[in-house]
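What follows is a set of notes on a single structure, which appears directly below.
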Amino acid sequence: MAAIQKTLSHNEELVLYGMVRFPNRNDRELAEVLKIKDSTVNYCRNQLEKRKMFQVVYVPILNRLGFEILSINFAEYNLKLTPAKRMNIMAKIKSSNDIFLRLGEAEKEFSISFNKNYTEFISNTHERTEIMGKLKLITKALPENVTFSINSSKVLNFFDYSYLLQKNFNIDINQLNFDAIEDSPVSYFDNSELVNLSENDKAVFVALVDFPDKSIKEISELETVKLNRHTVSKLRERYLSEGLMRKVIIPNLVLLDYDLLVYYHFRFLPNSPITPEIVDNLNSSSTVLLFHNKYDAVLLSAFQNYSEYKEDKVAKYTFLNSHDILGKSPNPRKYVLNQIKYLRKFDFKLLSRKI
């Protein structure tokens, strides 16, 4: 915790937490919640942006736009190649259009993809595997893919880092003014009602996803858009209010002195489907991604050090082993954050063009 406090001032911690917790709120609204001045919020936001402490992302809610399959993909590299050569080959392999997050280190890689249907998923997965095999990046085991039907699964956390920051910044939410704004529970892919966008609507939607840092004025002036600012602003508010996209703030964990990113895949016995009690015991303040169906659960967690990871892991396994409910003993895959190379980092550009 001390390392983080040296990285940011107290007000910067508050503002970063507020931005992550309430990404759609402006400086005045955040100031009311955080009980600090508007000018302080504005100053801290600008400082955080200058230091590249966060990334802004508009996440398209793809199950409402015809996508059915969400997949976690994991591959172990050929260790006969030198680490440098493995990383060089990995960087040369073009990410498929279905992947929005792809990261790797010297021994393995991890990615998340969306596909419209299982046929498309298989086609993209086999194409990727064939290329990796030809380049000898993988030689023995095929990549592991854990697939979920979006509309038949529960997505409880989709890169919401607010609980992580709240704990590690030691923020007492009882001292904040949550009554200042409407604070409804976040839902990600709960609504499965399909929508069809007009060509103008689609142009604005794609532009917002492609250029999340551009202002409404800049979006309106794009060659692909060419609409007035008022129209673009109204469309953005509609997409957000109707749950067609979500604005997400991703903090820079490396600059915040986090060490580990850990991936878990839990599979449960046929007589032990996942219950709310199980989810509560898997979830913790370190969780930044959590979704499950009836028998499989996937988690991604972030930790400042190995001791923190070990404590969290012991708590999970103590509950799971005491109830004898696991069908597959999970092998946590650990990634050292400052050694990770991102091939695609919360980049929905190509996906957004397939709507």
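A short reminder: the numbers here are calculations on the coordinates, not readings from a lab. Just so it is clear, the structure is predicted and the values come from calculations on it, not from any experiment. All Cβ positions, even for glycine, are placed from backbone atoms using ideal geometry, and neighbour counts span all protein chains on display.
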For this session: Compute the normalised compactness of the range 54-103: alpha-carbon radius of gyration over 2.2 N^0.38 Å, N being the residue count.
Result: 1.55
Exercise. Which of the peptides 329-341, 106-118 is most tightly packed, and how do the rest follow, going by the mean number of other Cβ atoms within 10 Å of each residue?
Worked result: 106-118, 329-341
For this session: Excluding residues fewer than 8 places away in the same chain, name every one of the lysines whose C-alpha is closer than 20 Å to that of K214.
Result: K50, K52, K202, K226, K234, K247, K345, K349
Exercise. For the range 196-241, taking Cα atoms only, what is the radius of gyration to one decimal and the Dmax to the nearest whole Å?
Worked result: 9.2, 26
For this session: Filter the trypsin sites (Lys or Arg not before Pro) in the range 191-232 down to the DSSP loop ones having no more than 11 other Cβ atoms within 10 Å, then list what survives.
Result: K226
For this session: Please work out whether the range 16-62 counts as rounded, prolate or oblate from its C-alpha gyration tensor, where a ≥ b ≥ c are the square roots of the eigenvalues and a/c under 1.5 means rounded, while otherwise a/b larger than b/c means prolate and anything else oblate?
Result: oblate
Exercise. Taking 0.36 nm per residue of separation and subtracting the Cα-Cα distance, what length does fully extending T129 through E221 add?
Worked result: 29.1 nm
Seminar exercise, completed: Summing -39500 (n - 2.57) over every DSSP H run of at least 4 in the chain, dividing by its residue total and rounding to the nearest 500, the 222 nm mean residue ellipticity is -11000 deg cm²/dmol
For this session: Would you please classify the overall shape of the range 1-121 from the alpha carbon gyration tensor, given that a ≥ b ≥ c denote the square roots of the eigenvalues, rounded means a/c under 1.5, and beyond that prolate means a/b larger than b/c while oblate covers the rest?
Result: oblate
Seminar exercise, completed: Checked against the positive end of the charge dipole of the chain (+1 on Cβ of Lys and Arg, -1 on Cβ of Asp and Glu, about the Cα centre), the farthest of L256, F110, L208 is F110
For this session: Between L255 and I93, with labels modelled 7 Å along Cα→Cβ, what's the label distance in nm to one decimal, could you check?
Result: 3.0 nm
Seminar exercise, completed: Binned at 20 Å starting from 0, the alpha-carbon pair-distance distribution of the chain in whole percents comes out as 27, 60, 13, 0
